[in-house]
Structure formats: structure tokens, C-alpha cells
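Values quoted throughout were computed directly from the atomic coordinates according to the rules given, and no laboratory measurement underlies them. The model shown is predicted, which means the values in this text are computed figures rather than measured ones. Because the Cβ atoms are built from the backbone with ideal geometry, glycine has one as well, and the counts that use them run over all protein chains shown.
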Amino acid sequence: MRRQQQSVAVLVTLYVVVVVLALGGRIQQVESHKDQPLSGIAIHETTFHLNDKAHVKASPTLLGSNGQHSEFVLVEFTSPHPSDDDWIGVFSPADFNASTCPGDNKMVSLPRLCSAPIKFQYANFSNPRYSNTGTGSLNLQLINQRSDFSFALFSGGLLNPKLVAVSNKVAFENPNAPVYPRLALGKEWDTMTVTWTSGYGLKIAEPVVEWGVKGGERKLSPAGTLTFARNTMCGAPARTVGWRDPGYIHTAFLKELWPNAKYTYRVGHRLTNDAFVWSKEYQFKSTPFPGQNSLQQVVIFGDMGKAEVDGTNEYNDFQRASLNTTKQLIKDLKKTDAVFHIGDICYANGYLSQWDQFTAQIEPIASTVPYMIASGNHERDWPDSGSFYQGLDSGGECGVPAETMFYVPAQNRAKFWYSSDYGMFRFCVADTEHDWREGTEQYKFIEQCLASVDRKTQPWLIFLAHRVLGYSSTSFYAEEGSFGEPMGRDSLQKLWQKYKVDIAIYGHAHNYERTCPVYQSVCTSDEKTNYKGTFNGTIHIVAGGAGAGLAEFSDLQPNWSIVRDYDYGFLKLTAANYSNLLFEYKKSSDGTVHDSFKISRDYRDVLACAVDSCPATTLAS
């Protein structure tokens, strides 16, 4: 009876909303980036066709009773007028009406529905005969996202949705629970940060981390709390149908860690009655001292995105391969020390529910090893928002969710460039969505990062960026004639050469490509797999094939392009010691190594002069 009352309440509210809106005009249609499946739903066009002979039932109604934050729900439905265009939308909060839905333009009417679903699936997905029988069911996975859920049956397809029936409500036992911890390297080598999401504001609970050396004493550390509001979004859909309350994002700094030590931790909240709410227990290994000579393994990729294990949201299968990449990273986690995801993180593109789903997908990885990110066009770009490019790719997010959901050791997270030391590695991470050209603030940072490393103890100098500031023969770059981001190499190649950057790695182009050691578009070595001795040019890698739809190569393969692969994969760098580095490109499908090379170089080889890497004259000469 309670389920029926809840369902009726939602339906009555929707009925009132639609009647009121029928008197006015329509919301202005806003198109978000095509890569986001939810953008294929014209939710603003929804009309009201509730039918008392159509039903949707979801069970169980209470989730997470054993502390889990992910659970499958059986959704059963019937329709008296079934069609292959019918679909089920998952909404959260469960009351997805327009009674409190603000619009950007006060002169146009509000949308008939407040928000887009957080996921969807066609009604005939598990019953091909649905259009004949009118009955179907779906097993849908829900994650704890700080609110309740309901399921709605629509007819009319995605472009002309007609609301037919709404289910009972489903909720997690504790929707406010601390979830999805993600580690990141701090600004100091002996600091690890842990960030998590919850529904607990500071007025009702204090965020804390309980942690310590594995098997040793544990202590409590406080955490800071951030959030963001709808009015911090720069445009639609993030500010309209894509908006969803992000909850509270907490970050704690675990300091004065012993190098290469195993720690355990759990995140939680101290309530006003002094009771604690805790996550499960996790563990991590602290970073080595900068320059420490030990085995160090780092995974790097870009453009992964997210996908649903239950098959939802896949009207164009754009990011399905992200599940394979995630699976392989988890499988190899014991042999991974850190991860760098260099832009285009989850392709939320203004549909904010997707950030929760992404952090849930990577939780096994990010809760165990530092998960470092870089800014990409799908996080940052929006007209007149300060981004270097004026595209619509962020869907109105203009960097706010990425900068809040993940910690990076930048001086200002709105300027997403930073350096990270991990043992024998120095990583210089650029922000391609802000100006990098000579004379800019970022250019000065890049040079300082490259120039300040001590190559005796940190011999492996790696440059990371989202867009291809170096070399790529992906078709869209080739068509521009630049074979890389226009103006990318103009300013930066002299820095890569001067400071002897071993490898530069990019995303953005959704494929894999490796160059020879190259300077000014000319190969400086004929070697392809075993580079020894004096540095003579930077090797450029495109690693944008971690999950999002693949990008074609040009028919022309330039001389500097020695390996290309139109497939999904990720990179792994293994520093054995000060003199030997192994590079591997692995397939996401099965984890096999498809391309590899080695660099063997002593300190004297780093000191030796190469073209444009030393002053033209010295006192000795």
C-alpha cells in the first residue's frame, strides 16, 4: 500500500505540472555533446500519458542493508500499448517533477520534467518479444548516490518521450554514507590525500579518517569539506536538466608517512551524538622518497569515460570499453603504484550524476593507489569561461566538478597544472585547456617543472597533457595539417629538447600511437625498441584509447610515426633502477602487451649534449 501511495503522489504531482505547463511555452532546447548518452533524450519534450493499465514495480525497496553501496534491482513492467521504442528511465531523486526546477531564462516556461534520468534502457532489452507481450523486466544496478530512486516507463522513443507509468521508490539504508574514496599524491612526497563523497554536511557530522601503519596504532585526522551549487555551473545541461546535487566532497591529508610502507584507513563521520559512521577498511602503500631506487610502476591513459555493467546508457556504445580497461587495471593492481588519467575523465558533459557513477567504477583502483587526473576538454571547455578553447564539450561544467571531486597538488585547482614526484619519476602535468604558449603563466610552470628535477636521482622525466601538444597522425589532426594541436609544438618542443624529456604522453585522440625520438618533426634515431646512451629526442605517445569511441588515423603515416593501433589500451611505465625504464602498451581487452620499448641511460648520458640541449658555447670552448 505504501508503494502505491508513493507512486500516486509522484503521478499527481506530474499531472499538475503538465497541466500548468500546457498553458505556457516550452523550455529552450539545449544540445549537449553527442558523446553523452543522456543527451540523446529530449527530456524537455516529455508529455504526460499516464495509463492506469501500465505498471512499473521495483524490488527490493531497501538496499545496502549489509553495508554495500552497489546493488541490483529487479524492475518489472507492463504496458497495454507496447512498442520497441519504449524505454525505462532511472530517476534520482525519486520525485523527478518540475515543481522546483529553475530555468536559466525567466521568460520561458520550465521543463515538463526537472531532470534527465541518471541512466536508461530500452524495455525490450531482456525480452525481444516485449512489443507483442507488453511485459518485461530489467536487472539494473544502482549505486548509493545520496537519494532515493524511481523508475519510469516511457513510450515515444528518446526524442518524443511520453510518460506512461512510474514505479514505487527504492532507497539505500543510509543514503548519506561515506563512499568511493580516491587517493592522490600530496604536494609533499610524504603526504597522501584521500577524498570521498557523502551526504553529511558539516552541520550534522564531522568528516574524519582513521588510519595508521598496517598492524600499528591508528589515529584520527580531520578532513576539509567542499561542495558546489547549480549557479556555479556555466550553462546547460549542467545548470538545467543535467544538474544533480553533488553532495559533500571531503579531503584529508595523511602526513609524515614512512616511505614504501603499507597503511590501512577508513573514512567516516562523527555525528553530533559522538557516534561514528564508517566506510569499510582500505589500504595503500605510501610513496618512495624522491629518488629512491626501488621498483616503481605507473599506469597512464586518457579518455576512459564510464559505462554501466547492466548495459544501460548505451544507445551509441560510446564508452563500453572503459569497463575492460577498469577490469585490467584492477587485475594488475598489485603491480601498480600510481595511475595518471590524463583528461576526459568520465564524459559527464553536464549530466552530474555520472560523476558518482565514475567514482564508483574506479573505487577498487582509486582507493588503493593514487589516482591522478589532468584536465581535458570534456571537463573544462565552455564559451567565455576562461578556457583556452571556446567549445561546449564540458556541457556547462566548466571544470567545477572535476576540480572538486578529485584532488591534485596544484597551487590553484582552477589552473590544473602541477608536478608530481614518485621515486625516480618526475611528472610534469600540463593543462591544455588553458594557454600554454611562451610567455604565459603555464609556460613558466612547465619550464620550472622540467628544469628543477635532479636527474641523478630522478632520471625519468615525463611530460603529460590531455590534448596532443606533440605529434599525432589521427585524422582530425592530419586534416588540419598540424599533426598535433595547432601551436602545440611551436613553444614547447624547445623545452622538451633542452631539458631532455624522455617521454611525452597525451590523450584526446582515441587511439594509440608512438613516435621515434623526434625533434622538429625529424627522427633523431633509427632505433625502435631499445634506446641506449645519450638522449637525442623525446618519444611522443598518444594514449587516448582507454574507453571512449575510437578515432581513425589518417591514410598518410608520417615518418615519425612508427607504431599505430586503432584499439583500446593503456600504458605502463616500469622503472627498474636509475638506468633502466620499460615502456609497455597493453590491450584493454585482455591485458596483453602490444607494443614496448626500453630506455637504458646513465647519468653521464643525461648530461651529454644533444641538438639544442646545451648552450652553443662555453668557457671551455
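Between Asn260 and Ser521, the FRET efficiency from the beta-carbon distance, with R0 = 60 Å, is close to 0.90.
Note on Asn231 and Val593: their simple-model spin labels are 5.6 nm apart, each label 7 Å out from Cα toward Cβ. A Förster radius of 41 Å combined with the Cβ-Cβ distance from Asp190 to Phe476 puts the calculated FRET efficiency at roughly 0.45.
Taking a ≥ b ≥ c as the square roots of the eigenvalues of the Cα gyration tensor of segment 128-181, is the shape rounded (a/c under 1.5), prolate (a/b larger than b/c) or oblate?
prolate
With a ≥ b ≥ c the root eigenvalues of the C-alpha gyration tensor of segment 179-278, is it rounded (a/c under 1.5), prolate (a/b larger than b/c) or oblate? Oblate.
So what is the relative contact order for the chain, in percent, with contacts set as C-alpha pairs under 8 Å and at least six apart?
12 percent
Taken over segment 402-485, the convex hull of the Cα atoms encloses 119 Å³ per residue. Determine the shape class of segment 247-356: with a ≥ b ≥ c the square roots of the Cα gyration tensor eigenvalues, call it rounded for a/c under 1.5, and otherwise prolate if a/b is greater than b/c, oblate otherwise. Oblate is the answer for segment 247-356, as a/c is 1.5 or above yet b/c matches or exceeds a/b.
Ordered by the count of other Cβ atoms within 10 Å of each Cβ, fewest first, Leu254, Leu183 give Leu254, Leu183. Taking the inverse of the mean 1/r over every pair of distinct Cα atoms in segment 561-621 gives a Kirkwood hydrodynamic radius of 14.6 Å.
Tell me which GluC sites (Glu not before Pro) from segment 527-621 have a DSSP coil assignment and no more than 15 other beta carbons within 10 Å of their own.
Details: sites: Glu527, Glu552, Glu584; in loops: Glu527, Glu552.
Of the GluC sites (Glu not before Pro), the ones in loops of segment 527-621 whose Cβ has at most 15 other Cβ atoms within 10 Å are Glu527, Glu552.
The Cα center of segment 235-254 and the Cα center of segment 546-586 differ in position by 33 Å.
Structural descriptor for segment 516-621: relative contact order 27 percent, calculated from alpha carbon pairs under 8 angstrom and at least 6 residues apart. In the chain, which longest range has no trypsin sites (Lys or Arg not before Pro) that are both DSSP loop (not H, G, I, E or B) and surrounded by at most 10 other Cβ atoms within 10 Å? Answer - 204-621. For Rg and Dmax of the Cα atoms in Å, the candidate list reads (1) 25.6, 93; (2) 31.0, 102; (3) 32.2, 133; the entry that matches the value derived from this model is (1).
Could you work out the relative contact order of segment 300-375, using alpha carbon pairs under 8 angstrom and six or more residues apart, expressed as a whole percent? Value for segment 300-375: 39 percent. Mind scanning Lys57/Lys119; Lys57/Lys280; Lys169/Lys327; Lys444/Lys498; Lys331/Lys572 and naming the pairs with a C-alpha gap bigger than 24 Å? Where the Cα-Cα span goes over 24 Å, the pairs concerned are Lys57/Lys280; Lys169/Lys327. Here segment 290-607 carries DSSP beta bridges of which approximately 60% are antiparallel, counting only pairs with both residues inside. Applying 1/(1 + (r/R0)^6) with R0 = 45 Å to the Cβ-Cβ distance of Lys444 and Ala608, what FRET efficiency is obtained, to the nearest 0.05? Once rounded, the FRET efficiency stands at 0.95. Ordered by the count of other Cβ atoms within 10 Å of each Cβ, fewest first, Leu495, Leu138, Leu352, Leu226 give Leu226, Leu495, Leu138, Leu352. Computed per residue of the chain from DSSP H runs no shorter than four, each worth -39500 (n - 2.57), the mean residue ellipticity at 222 nm is -4000 deg cm²/dmol. Grab the other residues whose beta carbon is less than 14 angstrom from that of Glu479, score K and R as +1, D and E as -1, and report the net. Net of charged neighbours comes to -4.
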